[in-house]
1. Find the residue count for segment 86-123, including only residues that are over 13 Å from residue 239 (Cβ atoms) and in contact with a strand residue (DSSP E or B) (Cβ under 8 Å, 6 or more places away or on another chain).
2. Does residue 119 satisfy the criteria of being over 17 Å from the mean Cα position of the chain (by Cα) and either at pLDDT 90 or above or not in a helix (DSSP H, G or I) (or both)?
3. Let me spell it out: the conditions are (1) more than 24 Å from residue 176 (Cα to Cα); (2) modelled with pLDDT of 90 or more; (3) outside the structural domain of residue 191 (by TED's automatic domain parsing), and residue 124 meets all of them except one. Which number is the exception?
4. Within segment 71-88, is there a residue that is over 22 Å from residue 246 (Cα atoms) and surrounded by 14 or more Cβ atoms within 10 Å (Cβ to Cβ)?
5. Any residue at all in segment 14-27 that's on the phi > 0 side of the Ramachandran plot and modelled with pLDDT of 85 or more?
6. Which condition breaks for residue 294 when tested against (1) modelled with pLDDT under 85; (2) in a helix (DSSP H, G or I)?
7. With the requirement that a residue be touching a helix residue (DSSP H, G or I) at 6+ places or on another chain (Cβ under 7 Å), free of Cβ contacts under 8 Å to residues at least 60 places away in the same chain and either over 18 Å from residue 19 (Cα atoms) or in the same structural domain as residue 84 (by TED's automatic domain parsing) (or both), what does segment 193-215 give you?
């Protein structure tokens, strides 16, 4: 597949290119939002910002805000990541899933891992929410808390699911779209290029997770999101397939929304667990969560990092299909494919490099 630019660009150049594509995609998404806002909601260009800032003041504020957030995230993140793969001449499946197809049970175990971290995460959430800046940064802390309180108010408004169709829309915009779009960008592109650039998968994973957490602009939720990003990063590194962290990310978001919806429908009472609270769960649950998470991580690492039969097959056992049928390649006739693939160490390799 021939792209518009070389597929052998330096990782830093790839990241800069990604930022440029994202800026363009956000502009295009903004144009579509403006057109849809006018045609479907009767909003003028000057009203769009007011609706986004205070959707509760408008009759169709909820629907328009959900639509605009979904489009911005899908086009600005997801489509940008796919576009980068295309313009650099890469196959999308090979770029985001370079190692193997994914059995369904891998996705289920990845989701179970995320559910197992919830009690432990509750402790991190409470600790981070009560954190304080140094005394000389008290004004900055006040501004940060005010900004997060405002964002929390908007989130609380958008997650008021007065009907089941609203809940389904929320599940799509808040769970499905972020899981796909954010994982394509942060794990599929940013982490991939950082690992290649640094020559260290651990450093690449942690830096990508830091960027993932920082870009949400929520200091008092920074640490739990950083830990989540690290878990998602290792799931991608071990599996070599973007669907695994996507499944885990979706589980994280969907569980919160489902629990919140049940709470609003009075199926779950506040005495059981209040989804609006930042209080941690009892320490025995947190301890059990840590042990379960460690056990699942160990198992996933062994299962996901284990080579597939095709990866352990020697060159003499590799088959090619010709017009005459299946032909077995000999070691002398075997030639590694051109281009780059994400190896087990997370570093791209090429045919020229393989000869050194």
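The values are calculated or read from the model by the stated rules, or taken from the named source; none is laboratory data. Just so you know, these numbers come straight off a predicted model, no measurement behind them. Note that each Cβ is placed from the backbone with ideal geometry, even for glycine, and that neighbours are counted across all protein chains shown.
1. 1
2. Values: over 17 Å from the mean Cα position of the chain (by Cα): yes; either at pLDDT 90 or above or not in a helix (DSSP H, G or I) (or both): yes.
So residue 119 fits the description; yes.
3. So the condition that residue 124 fails would be (3).
4. Looking for residues that are over 22 Å from residue 246 (Cα atoms) and surrounded by 14 or more Cβ atoms within 10 Å (Cβ to Cβ), one finds at least one in segment 71-88, hence yes.
5. Within segment 14-27, none of the residues are on the phi > 0 side of the Ramachandran plot and modelled with pLDDT of 85 or more.
6. (1)
7. 198, 205, 206 - these are the residues of segment 193-215 that are touching a helix residue (DSSP H, G or I) at 6+ places or on another chain (Cβ under 7 Å), free of Cβ contacts under 8 Å to residues at least 60 places away in the same chain and either over 18 Å from residue 19 (Cα atoms) or in the same structural domain as residue 84 (by TED's automatic domain parsing) (or both).
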